[in-house]
Amino acid sequence: EKIFVFTDDRTRFEAKVVGRDPATDLALIKVQGKGPFAFLPLGDSDALRVGEWVMAVGNPLGIGQTVTVGVVSGKGRTLNLSRTTMSFENFIQTDAAINRGNSGGPLINLKGEVVGINTAMNAGAENMGFAVPVNTAKTILPQLKEKGKVVRGYLGVNITDVTAEHQEAFNLPSREGALVHDVMEGSPAEKAGLKHGDVIVGINGKPIKSQRELIDTVSSMPPGTKVELEIIREGKHKTLTATLAERKGEGEDEEEGESETPQEAAARLGLDVTDLNARLRRQFDIPNSVDGVLVQDVEDLSVADEAGIMPGDVILEVNGQAVDSVDEFNQKLEKLRSGQAVRLYLYRQGSKRFVVFRIP
């Protein structure tokens with residue numbers, strides 16, 4: 001297919017694709033022809049504020065230039081436009097209508113500056129569109145121009161933000177950092193010695209306050225970069241060294257309390273668990289290397305349900321201690337007092353994660 005660019009006076013120019021980045025839904029094209037060509041100044045998307053007025057310009061379905069007006073509804077939204085394992089996590093959300101076929105047009109502030117590139121609408125909700133921040137475009141354009149693609153650094157961790165429950169359960173000084181759920185086999189993180197339960201709080205001396213900051217920082221570094229990772233492990237600060245790869249398209253003293261029977265201990269969380277066997281491993285596609293107890297059912301609106309535990313999950317650990325049987329799992333639950341934060345380490349469909357909640 002050929003690409004054509006039309007100017008305001010309807011002069012047609014042929015264009016070619018110089019580079020593309022599926023993760024952000026951005027492409028760089030080169031116009032074949034002599035200018036001068038009119039252009040819009042680029043603004044600073046980091047300076048955008050929720051509630052600020054913006055305009056979305058586009059050419060939906062080829063009917064002609066269309067302008068819609070709205071406000072910035074949110075920032076830092078996550079979408080997976082490339083349908084891969086990689087999600088881009090910094091979209092601008094706006095209620096300015098972004099219609100089908102309208103992607104690629106500019107999102108403009110009241111100064112006439114481009115602050116975003118319209119990219120997606122939510123088919124399941126009205127008044128919800130998304131745009132790539134122009135500062136992101138500024139960052140990746142040099143790579144698109146030089147290499148035709150965006151090469152991103154890869155650490156190989158499954159991470160999440162630190163919640164208040166995580167802070168208590170992991171004995172952390174604050175909620176800043178990114179909690180490691182899982183470490184990918186053979187990844188730079190594994191080679192550096194990172195473990196699940198570590199909290200990454202800094203890279204090369206730069207504080208990491210959230211999951212998104214870690215993703216953005218690592219993605220902005222080229223493969224081969226050596227990084228110093230500052231982590232908190234079991235309440236102690238450590239420093240590890242990792243060499244980034246290329247991202248592919250993609251026992252504690254407890255207060256004694258009244259003991260419960262094992263069934264009562266599991267039931268108050270809303271969990272129905274069972275020991276793993278060969279049949280269940282085949283049914284749920286659980287590898288032999290995974291040991292724990294299988295969640296058969298979760299009671300609606302229970303503590304476990306609200307924590308995000310699902311049928312098919314395998315509970316590997318309770319507060320950092322491995323569990324190999326239902327009896328062992330329930331014995332650990334019996335020791336926990338009401339109101340205490342507890343962390344479970346789960347296996348789910350090939351990946352691992354923590355869930356944290358309070359004992360009712």
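The values are calculated or read from the model by the stated rules, or taken from the named source; none is laboratory data. This is a predicted model, so every value here is computed, not measured. Note that each Cβ is placed from the backbone with ideal geometry, even for glycine, and that neighbours are counted across all protein chains shown.
Just checking, how many residues over region 267-290 are over 19 Å from V318 (Cβ atoms) and either assigned to a loop (DSSP other than H, G, I, E, B) or in contact with a Cys (Cβ under 6 Å, 6 or more places away or on another chain) (or both)?
The qualifying residues number 5.
Out of curiosity, is D46 modelled with pLDDT under 95, closer than 24 Å to K111 by Cβ and assigned by TED's automatic domain parsing to the domain that holds V115?
yes
How many residues, within region 216-245, are modelled with pLDDT of 90 or more and either of a type outside the set (A, V, I, L, M, F, W, C) or farther than 30 Å from A189 by Cβ (or both)?
Count: 13.
Kindly indicate the residue of region 21-74 that is among the polar types (S, T, N, Q) and within 27 Å of the chain's Cα centre (by Cα) and also surrounded by the fewest Cβ atoms within 10 Å (Cβ to Cβ) among those meeting that condition.
Step by step, filter region 21-74, then rank; the result is S73.
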